[in-house]
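Computed from the coordinates by the stated procedures, all read-outs in this text should not be read as laboratory data. Computed from a predicted structure; not experimentally measured. Note that each Cβ is placed from the backbone with ideal geometry, even for glycine, and that neighbours are counted across all protein chains shown.
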Amino acid sequence: MLTIITGVLLIIGAAFNLIAAIGLIRFPDVFTRMHAASKAGTLGSGLMLVAIAFHASDISVGSKAIAAVVFFLLTAPISAHLLARAAYVAGIEPWEGTVLDQLKGHYTDEEGHLSADDEEGDEDKTL
Amino acid sequence: MTGEEFFDLAIIISFSLIVLSFLLTIGRLIIGPTLPDRILSLDMLVTLAIGFIAIFTILTGYYAYLDMAIALGLVGFLATTAFARFVLYQASSPELLSDEAEDEKLSVSSGEKN
């Protein structure tokens with residue numbers, strides 16, 4: 001029974017990784033690609049680590065695998081956010097089909113800090 | 001189909017899916033077109049390597065490889081963070097990255113000291 005659960009978790013995890021890779025190759029700009037890679041990719045590898053925990057059926061290996069999953073779930077959004085912010089400040093244009101860009105005009109500082117000027121910000125907050 | 005046969009089949013299927021994902025991610029790494037795209041695909045390669053190590057751990061039964069996966073995740077996170085800082089730095093002061101501008105700046109600062 002445990003081997004079947006392990007196999008199913010492995011196949012689902014690898015399928016999520018493949019979906020993430022397809023998204024990485026198919027999506028139109030870096031921000032949408034980040035959406036595919038950081039969520040589906042982390043979920044895929046996390047499911048595979050959970051499969052290790054089921055396969056080992058040992059408390060030390062299992063707790064280590066769960067700790068690794070928690071670690072990846074904590075760090076993936078941080079690195080994706082940092083990279084998205086850096087890409088936006090660096091002037092990477094979003095896809096031309098983008099409907100709403102709420103950060104437009106906020107990164108006026110050359111240092112890349114959020115501007116303290118709230119005149120445009122108030123208009124955006126009402127959206 | 002017995003449990004063992006399904007397990008062997010699952011290992012083979014997940015290995016082939018991961019290898020396909022590696023190929024697609026390397027394709028994005030090659031065609032770019034911007035630096036954040038390449039950084040993102042490097043991050044994705046680290047994630048795929050963790051999944052690959054997970055399959056390999058289950059296949060061989062050496063659970064010490066799990067520590068390697070954790071260390072690889074840490075290194076990948078730090079690498080992505082550092083690359084993001086680099087992109088931010090390059091965007092805020094591109095003149096610091098060219099050698100000529102740096103020489104000019106050095107000469108200016110030494111001139112101020114004199």
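Assorted remarks:
- Separation in nanometres of the label points that stand 7 Å from Cα toward Cβ, at residue B:89 and residue A:35: 3.2
- Exposure proxy ranking for A:26, B:28, A:85, based on other Cβ atoms within 10 angstrom of each Cβ and starting from the fewest, stands as A:26, A:85, B:28.
- Label point distance in nm, residue B:4-residue A:26, each placed 7 Å from Cα along Cα→Cβ: 3.9
- Simple spin-label estimate for residue A:71 and residue A:2 in nanometres, 7 Å along Cα-Cβ: 2.3
- All other residues whose Cβ lies under 15 angstrom from that of residue B:27 are scored, Lys and Arg at +1 and Asp and Glu at -1, for a net of +3.
- Residue list for the range B:6-49, given a label point 7 angstrom along the Cα-to-Cβ vector of residue B:65 and an amide N cut-off under 19 Å: B:6-23, B:45-49
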